[in-house]
Amino acid sequence: MTKSVEIKIGDKTYELCYTIRTLDKYERLLGKSITFLFAAGTASLVRQTDIRFTVSGMIVGLHLKDEDAAYDLIDLYCKEGGTLDQLNAKIIEAVLATGLFTTGTAKELEKVVPKESKEE
């Protein structure tokens with residue numbers, strides 16, 4: 001399944017989208033299994049969403065050419081008032097949207113991915 005999640009950074013709207021191939025690359029960049037991250041439960045998942053999680057998620061989810069492009073987008077997102085937690089929530093939402101890693105845990109993980117307000 002390929003379902004994207006929109007994220008606004010600067011004047012542009014990007015679509016975070018993961019496939020089985022990009023998730024494989026994500027795991028290689030992280031050095032750990034996405035299945036393990038999600039299976040460990042919500043609290044453990046949140047504890048493991050570090051900057052490497054964010055950078056790697058941006059590279060593969062937005063098909064960026066390198067880490068520098070990811071860092072630039074992350075810097076701009078945060079400069080505009082966003083936080084790493086909000087950005088990681090978008091990445092988690094996009095991974096969940098694949099339906100590949102969340103059997104039985106999607107309801108629990110909805111607590112991690114806050115619903116956005118309609119005022120954006």
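Residue by residue, here is whether (1) surrounded by fewer than 12 Cβ atoms within 10 Å (Cβ to Cβ); (2) modelled with pLDDT under 95; (3) assigned to a loop (DSSP other than H, G, I, E, B) holds:
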| residue | (1), (2), (3) |
| --- | --- |
| THR13 | yes, no, no |
| PHE36 | no, yes, no |
| GLY57 | no, no, no |
| LEU64 | no, no, yes |
| ASP75 | yes, no, no |
| CYS78 | no, no, no |
Among the residues of segment 80-92, count how many are under 17 Å from ASP11 (Cα atoms) and either in contact (Cβ under 8 Å) with a residue 12 or more places away in the chain or surrounded by 14 or more Cβ atoms within 10 Å (Cβ to Cβ) (or both). 3
For segment 15-34, give me the residue count where each residue is outside any helix (DSSP H, G or I) and touching a Gly at 6+ places or on another chain (Cβ under 9 Å). 4
All positions within segment 15-34 that are among the hydroxyl-bearing types (Ser, Thr, Tyr) and surrounded by 13 or more Cβ atoms within 10 Å (Cβ to Cβ): TYR18, THR19, THR22, TYR26
Of all residues being loosely packed, with under 13 Cβ neighbours inside 10 Å and assigned to a helix (DSSP H, G or I) in segment 45-55, which is nearest to the chain's Cα centre (by Cα)? Just the residue, please. ILE51
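The values are calculated or read from the model by the stated rules, or taken from the named source; none is laboratory data. Please read all numbers here as calculations on a predicted model, not as lab measurements. Methodologically, a virtual Cβ is constructed for each residue, glycine included, from the backbone with ideal geometry; neighbour enumeration extends over all protein chains shown.
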